[in-house]
Amino acid sequence: MRSLTLLLLVTGAQALVDLPQVSQFVASALAAGDFTNYTATATKTANSAPKATMVDEFASVAGEVEAADVGYWMADIAKQGRAAFNPNPDGYKVWRNVKDYGAKGDGVTDDTAAINRAMSDQGRCGPGFCDSSTTTPAVVYFPGGTYVVSNSIIQYYNTMMIGNPNSLPILKATPNFVGLGVIDANQYQSDGSQGWVSTNVFFRQIRNFVIDLTPVAPGTVATGIHWAVSQATSLQNIQIRMQVSSASQQQGIFIENGSGGFMNDLTITGGLYGLNVGNQQFTVRNVRISGAVTAISQIWNWGFTYQAMTITDCGTAFSLNNGGPAAQTVGSVNIIDSTITNVPTFINTAWTTGSSPAAAGSLNIENVVIQNVDVAVRGPNGAYLAGGSTTITGWAQGNRYTPNGPQRVQGSFTPAQRPSSLLGNGNNYYYKSKPYYQNSPVSDFISIRSAGARGDGSTDDSNAIQNALNSAVSSNKIVYFDQGTYKVTKTINLPPGSRVVGESFPVIMAAGRAFGDVNNPVPVIKVGNAGQSGSVEWSDMIIATQGTTPGATLIQWNLNAARGSGMWDVHTRIGGFAGSNQSLANCPKFGSINKACMTAYMSMHITPSGTGAYIENSWLWTADHDLDDCCSTQITIYTGRGLLIEASNIWLIGSGSEHHAIYQYNFVNVKNLFATFLQTETPYWMPAPDVRGQPFPFNNNLDPNYDSCLPGNCSTVALRVRDSQNLFIYGAGFYSFFNNYITKCSDNPGNSDCQSEIVRLEGSTNNLKIYALSTIGVQNMITRNGQSIARYIDNENVYPETIGYFSV
């Protein structure tokens with residue numbers, strides 16, 4: 001592999017074009033940090049050693065996981081998954097137990113080759129020869145055991161790597177391990193390029209593992225996970241073990257580019273870096289790092305939000321100073337609800353009153369407990385914020401609008417007055433990790449295929465699915481959607497009490513006349529009816545459409561939800577996949593509006609009765625390119641709306657909404673909302689036509705009124721907020737890269753004329769706070785009742801423009 005300082009494709013989330021200025025910026029950011037040539041022995045030194053209370057050299061890890069395997073329902077259930085549009089759907093294996101491919105898991109045998117056979121078998125989509133694929137999904141399953149590996153496990157496209165949560169499998173590196181990651185999700189090729197364009201790496205998961213690097217000498221370069229990925233990906237319930245040493249040259253997780261993303265419930269011990277990361281945006285939650293020289297090294301970003309972090313006995317908790325004051329590479333960071341203990345420096349920043357770019361280094365700290373910390377925030381010339389043992393209720397640096405601005409500030413601020421309905425323990429925001437049902441026996445599950453659904457992409461499975469869901473609720477069972485594409489021709493109701501989990505992102509695909517009337521939208525999935533209350537848990541699925549379905553609302557949430565209800569890793573995918581009949585052959589880009597390519601009225605609607613909805617790591621995506629085309633060729637698909645919320649007490653964790661015609665997010669009469677990193681893209685075909693000429697009729701009661709756009713291209717807004725209160729958004733990236741598929745309107749920092757406005761505040765909206773709002777290609781970052789209150793020219797950042805803190 002060549003040095004990582006190469007031409008990197010890090011454009012908009014699915015742009016699949018090279019913006020050289022962005023690539024050059026990322027290359028410079030990597031060059032400024034450690035490990036610019038990560039396959040060579042690193043020579044740069046770290047900032048400071050781990051806290052002296054840690055063992056310096058080898059630290060044994062308490063609570064070694066037993067190697068013996070125990071039962072887990074997902075391993076025990078009948079294997080009936082079907083890749084409906086694979087060339088050989090009857091013969092293709094969705095479920096792959098690595099022991100069926102020869103892995104021993106005995107702590108002695110080198111299992112690398114066997115694991116990689118399980119990953120690649122049957123012509124799957126691998127790095128360097130396949131752009132992407134929806135026809136070769138797989139679960140690669142690891143029973144409990146210790147799997148010795150001598151080089152990287154190469155994760156393929158559309159793969160869930162799942163270990164037994166009741167007996168975490170250990171992936172143990174040999175002392176002479178070679179490779180960029182025990183698990184490598186984007187393997188570098190012989191020409192120095194990544195195996196996939198990192199902004200096109202979707203539909204991946206890794207969960208329930210221990211990765212053990214302790215056999216590797218601390219001074220030898222090694223990585224736990226190489227994770228250069230984008231949307232619809234997640235890391236969860238993973239331990240990474242490295243030796244604790246001030247001389248370490250190892251890192252737990254390495255990300256150099258991409259457009260993520262979500263990770264949570266990680267425990268990392270030792271190493272030079274716990275996380276060494278650079279990506280457009282990410283939500284990182286409940287990560288525990290101890291004994292690292294630097295817990296988190298932020299190579300570059302546009303915006304990261306860190307929630308519920310626990311960092312102990314490290315030299316530095318957060319290193320945000322890459323590039324130095326004259327050439328900062330870190331755009332913005334939010335750190336909330338976290339605890340930092342026994343660390344000399346909480347944050348190293350390059351920000352100064354005259355640093356460049358002017359809006360770079362934006363930082364918000366809210367509700368963070370520090371214990372035995374020497375310096376809380378350290379700048380190039382000394383301490384900005386003293387340490388000690390205290391709670392930092394609110395401290396920030398960057399450009400502030402309250403609501404007028406900008407004011408360049410550094411210092412304390414009054415934190416959000418958080419509504420009790422949004423809180424969990426103490427004053428921390430509530431969250432809930434995706435359920436695994438690891439304590440449930442296989443008898444607690446109903447297979448959707450055993451219940452009569454075919455999942456073959458052609459049979460109408462509507463009745464079989466509905467009957468199974470109703471039966472499961474009445475018998476207190478969990479519905480398991482075996483991998484497949486389940487065609488439905490009418491609304492499917494998820495009644496209160498439903499628990500639904502998918503195998504490797506099975507698809508419910510709406511088709512037919514019921515979804516054909518753009519003036520009479522019909523939900524594909526309806527979560528409860530208005531007036532119903534109760535609990536629903538729903539995870540690891542995709543909702544999609546087939547053919548021309550302009551009246552389809554893919555998900556409608558009506559349930560007054562009990563605490564703990566939610567959606568985890570449930571995505572909408574509209575067009576651009578095998579079987580959708582809305583791919584390159586049907587909907588090529590350019591040309592006049594093709595009404596046959598109108599595929600959905602709305603991705604998701606949380607109705608006024610839908611109080612308490614919890615949405616985590618959900619990506620609402622209208623395809624901009626064909627996932628099953630050899631070259632990821634762009635297409636033109638029309639979807640009316642993204643996410644409409646009209647309810648109260650809402651959590652949006654690491655969500656994205658892209659390429660919808662009228663808006664991406666629309667909050668109307670919302671009370672009490674907590675969000676971490678909202679991410680959007682404007683459709684690439686705009687402004688030809690612009691939002692006023694797009695093919696969907698407007699709903700005058702709920703849609704924005706675009707009759708009075710500000711001067712410039714009148715394209716769809718990313719976020720519209722009307723008559724709402726108590727909204728707290730910790731990180732947002734709203735991107736407009738294209739003018740009718742051409743990037744000249746956004747291809748340089750400060751070149752922002754793809755569209756005129758992107759955030760609209762209307763009516764009596766109050767107590768709205770946005771921590772680190774970044775935009776690209778937009779002239780006016782925020783408008784309020786038709787007037788611009790924030791311009792891009794005042795907030796130039798590393799590539800986007802950023803308002804560090806906004807309040808109204």
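Taken as a whole, region 412-421 holds at least one residue that is assigned to a strand (DSSP E or B) and either within 21 Å of Leu320 (Cα to Cα) or without any contact (Cβ under 8 Å) to a residue 24 or more places away in the chain (or both).
Would you mind finding the one in Ala578, Ala623, Ala600, Ala561 that is aliphatic (A, V, I, L, M) and surrounded by fewer than 24 Cβ atoms within 10 Å (Cβ to Cβ)?
Numbers: Ala623 fails: surrounded by fewer than 24 Cβ atoms within 10 Å (Cβ to Cβ); Ala600 fails: surrounded by fewer than 24 Cβ atoms within 10 Å (Cβ to Cβ); Ala561 fails: surrounded by fewer than 24 Cβ atoms within 10 Å (Cβ to Cβ).
On inspection, the qualifying residue turns out to be Ala578.
The set of residues in region 590-616 being of a type outside the set (S, T, N, Q), more than 30 Å from Thr283 (Cβ to Cβ) and at pLDDT 95 or above consists of Ile593, Lys595, Ala596, Cys597, Met598.
Within region 434-463, residues that are farther than 21 Å from Thr489 by Cα reach partners that are part of a helix (DSSP H, G or I) and among the small types (Gly, Ala, Ser) with beta carbons closer than 7 Å, at six or more positions or on different chains, in the pairs Ile446/Ala468; Ile446/Ser471; Ile446/Ala472. Within region 236-250, the set of residues being buried (at least 24 other Cβ atoms within 10 Å of the Cβ) and either assigned to a loop (DSSP other than H, G, I, E, B) or without any contact (Cβ under 8 Å) to a residue 24 or more places away in the chain (or both) comprises Met242, Gln243, Ser245, Ser248, Gln249. In summary, Gly528 fulfils each of the numbered conditions (1) within 23 Å of Glu616 (Cβ to Cβ); (2) within 24 Å of the chain's Cα centre (by Cα); (3) surrounded by 24 or more Cβ atoms within 10 Å (Cβ to Cβ) with the single exception of condition (2).
The residues of region 313-343 that are surrounded by 22 or more Cβ atoms within 10 Å (Cβ to Cβ) and without any contact (Cβ under 8 Å) to a residue 60 or more places away in the chain, listed by number, are Ala317, Phe318, Leu320, Asn321, Ile335, Ser338, Ile340.
Listed by position, the strands (runs of 3 or more DSSP E) enclosed by region 474-535 that each have at least 2 residues that are modelled with pLDDT of 95 or more and in contact with an Asp or Glu (Cβ under 7 Å, 6 or more places away or on another chain) are 478-481, 485-488, 499-502.
Checking each residue in region 337-357 for being assigned to a loop (DSSP other than H, G, I, E, B) and over 11 Å from Gln298 (Cβ atoms) picks out Trp351, Thr352, Thr353, Gly354, Ser355, Ser356, Pro357. Residues in region 724-759 that are surrounded by fewer than 24 Cβ atoms within 10 Å (Cβ to Cβ), at negative phi, part of a loop (DSSP other than H, G, I, E, B) and in contact with a strand residue (DSSP E or B) (Cβ under 9 Å, 6 or more places away or on another chain): Cys745, Pro749, Asp753. When region 761-808 is limited to residues that are within 11 Å of Arg400 (Cα to Cα) and of a type in the set (Phe, Trp, Tyr), the one that is surrounded by the most Cβ atoms within 10 Å (Cβ to Cβ) turns out to be Tyr771. For region 80-116, which positions are crowded, with 17+ Cβ neighbours inside 10 Å, without any contact (Cβ under 8 Å) to a residue 40 or more places away in the chain and of a type in the set (D, E, K, R)? Scanning region 80-116 gives a single hit, Asp111.
Checked against (1) more than 19 Å from Asn237 (Cβ to Cβ); (2) out of contact with any helix residue (DSSP H, G or I) (no Cβ under 9 Å at 6 or more places or on another chain); (3) surrounded by fewer than 22 Cβ atoms within 10 Å (Cβ to Cβ), Asn166 passes all but a single condition, namely (1).
Looking across region 119-138, just one residue is crowded, with 24+ Cβ neighbours inside 10 Å and in contact with a strand residue (DSSP E or B) (Cβ under 7 Å, 6 or more places away or on another chain), and that is Ala138. Candidates are the residues of region 429-445 that are under 19 Å from Ile542 (Cα atoms) and out of contact with any Asp or Glu (no Cβ under 6 Å at 6 or more places or on another chain); the one that is surrounded by the fewest Cβ atoms within 10 Å (Cβ to Cβ) is Tyr436. Criterion first (closer than 14 Å to Glu616 by Cα, β-branched (Val, Ile, Thr), surrounded by 24 or more Cβ atoms within 10 Å (Cβ to Cβ) and out of contact with any Gly (no Cβ under 8 Å at 6 or more places or on another chain)) does Val277 satisfy it? The answer is no for Val277.
The values are calculated or read from the model by the stated rules, or taken from the named source; none is laboratory data. None of the values given here were measured: they were computed from a predicted structure. Here Cβ is always computed from backbone atoms with ideal geometry, including for glycine, and neighbour counts include all displayed protein chains.
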